[in-house]
Amino acid sequence: MHSTYLITSFLLTLSLSFSHSSLAQQDQPSTCYGTIGKGKLENGHLLPTEGKNFKTYSMEATENGYTTAHSRVADIVVAAYEWMSMRQPMQTLIYADASLPEGGKFPPHVTHQNGTSVDFMVPVLNQDGLPAQLERTAENRWGYDIVFDENGRYGDYIIDFETMAMHIYALQLKAKEHRSRVARVIFAPELRPLLFDTEYGPKLKDINFYKKAAKVRHDEHYHVDFKIKCQPLEQPQPVTEKTVKSE
Ligand SMILES: [Zn+2]
C-alpha cells in the first residue's frame, strides 16, 4: 500500500514536472528566424484554444501545434479579439493555421515558417443576417476547402465583411501597440471591394494587401503577416574532420 502510494506520487511528480517544463516555454518570449518563406521559431506560443469571442478552427490542429505563433503575434491576436469583444460581441471569430511549434516548412502553406503568419477564417452571417458558423469537418479541411462566390456567398451564408474589416483594423491597431505592424494581408482581390465598402473599410488604407494573385484563392480565409524583427537563419555548420572526431 505504502509503496504503491510512493510510486503513484513519484509518477505524479514526474508528470507534473514534465508538463511544467513544457508550459514554461510559454513564459519566455519567442525568437523568430529567417523569413515567412524560409524560417524557424523558438519558444513559440500556442494561440489560446478559445476565448469569449474566438476559437481555434480545429482542436486536432491545435493539439498538433499548428496554431503556434511568435509570442508578440499571439499577444496581438488575443488583444485584437479582446478589442472586438467590446464592439462585436455576437460574432465568434475563428483563427486557423499559424506555424508549427518550431517553425519551418508547413505544407501546404508556402509561408507560415517563422511564427509571424496567421490565417483567419472569414466570419459569416446566415440568411437572417445573424452571426453564424460554417461547418468545419475533416472532409472540408476544417473550412479551408469552402469556396465563396464573387459576391462572398456560400450556400445560405455570406461573408460578414463588416466584422472582417473591423478585425483587420483591430489587428493593425493592436500590432502598433505591440511594436509591430500588419505587414501584409492576402484576401481574394475580387472580394476586396466588398470589404472596403464597410464602416471600417476606409480605415484599412494603410494596410498592405497582397497585389498579385495568390496561388491559392483566399476567399474562405484571410492570411495576415506581422512585421516582427527576426534573427538571420543560421547556416548549417559544415561537417569537418575535426567536428566528426570530437564526437
Ligand atoms: Zn496563410
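Restricting attention to the stretch 70-91, the residues that are out of contact with any Asp or Glu (no Cβ under 9 Å at 6 or more places or on another chain) and either closer than 19 Å to V122 by Cβ or small (G, A, S) (or both) total 11.
Taken over the stretch 53-108, the criterion of being acidic (D, E) and either away from the ligand (no atom under 16 Å from the Cβ) or within 15 Å of C32 (Cα to Cα) (or both) is satisfied by E60, E63, D75, E82, E102. Here is the figure for the stretch 217-235: residues that are modelled with pLDDT under 95 and either surrounded by 22 or more Cβ atoms within 10 Å (Cβ to Cβ) or closer than 21 Å to Q133 by Cβ (or both) total 2. The set of residues in the stretch 88-105 being without any contact (Cβ under 8 Å) to a residue 60 or more places away in the chain and part of a loop (DSSP other than H, G, I, E, B) consists of P89, M90, T92, D97, A98, L100, K105. Evaluating Q127 against the criteria (1) touching a Phe, Trp or Tyr at 6+ places or on another chain (Cβ under 9 Å); (2) within 23 Å of H45 (Cα to Cα); (3) polar (S, T, N, Q) leaves one unmet condition, (2).
Tell me whether the stretch 47-64 contains one or more residues that are at pLDDT 95 or above, outside any helix (DSSP H, G or I), on the phi > 0 side of the Ramachandran plot and surrounded by 15 or more Cβ atoms within 10 Å (Cβ to Cβ). No: the stretch 47-64 contains no residue that is at pLDDT 95 or above, outside any helix (DSSP H, G or I), on the phi > 0 side of the Ramachandran plot and surrounded by 15 or more Cβ atoms within 10 Å (Cβ to Cβ). The set of residues in the stretch 141-179 that are without any contact (Cβ under 8 Å) to a residue 60 or more places away in the chain, within 18 Å of the chain's Cα centre (by Cα) and surrounded by 15 or more Cβ atoms within 10 Å (Cβ to Cβ) comprises R141, M164, A165, I168, Y169, Q172.
The values are calculated or read from the model by the stated rules, or taken from the named source; none is laboratory data. Model, not experiment: these values are computed from the prediction. No Cβ is skipped: glycine too gets one built from the backbone with ideal geometry, and neighbour counts run over all protein chains shown.
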